[in-house]
Amino acid sequence: MNRFGYTIFYVHDVAQTMAFFEKAFGTKTAFIDPSGQYGQLETGTTALGFASFELAKINLPHSFRPLSPKELPGCASKAMGTNNRLHPRPEWHPH
């Protein structure tokens, strides 16, 4: 059986991003490397890692380009295909 092993998000600030996840989702830091360029959260069997943009440029020298927030909706639409559309923003519906 295959299992999903890990996801790495490339971010501006590894420590700040991990602190946000700890506060927002109650996760704990598994480790941050001494350089501060990579860290992982304790997430069970699937690793959730955060690497700096600088590390991405080293590991992915020909294929890494950070996206601007303005590019994200277009990327999502492209990934979903032209016959699909994005749902509107979530709205609060009290129970």
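No value in this document is a laboratory result; all are computed from the given coordinates. What you see is a predicted model; the values in this text were computed from it and never measured. No Cβ is skipped: glycine too gets one built from the backbone with ideal geometry, and neighbour counts run over all protein chains shown.
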Counting alpha carbon pairs within less than 8 Å and at least 6 residues apart, what relative contact order, in whole percent, applies to the range 6-80? 30
As an exercise, identify the chymotrypsin sites (Phe, Trp or Tyr not before Pro) in the range 1-53 lying in DSSP coil whose Cβ has no more than 15 other Cβ atoms within 10 Å. PHE4
Rule-of-thumb check for the range 6-80: C-alpha Rg over 2.2 N^0.38 Å? 1.19
Sorted by chain and number, the residues with a modelled amide H under 5 Å from that of THR43, at a separation of 5 or more or across chains, are LEU48
For the range 6-80, share of DSSP beta bridges that run antiparallel, in % to the nearest 5: 55
Taking LYS28, LYS57 and counting other C-beta atoms within 10 Å, the order from fewest to most: LYS28, LYS57
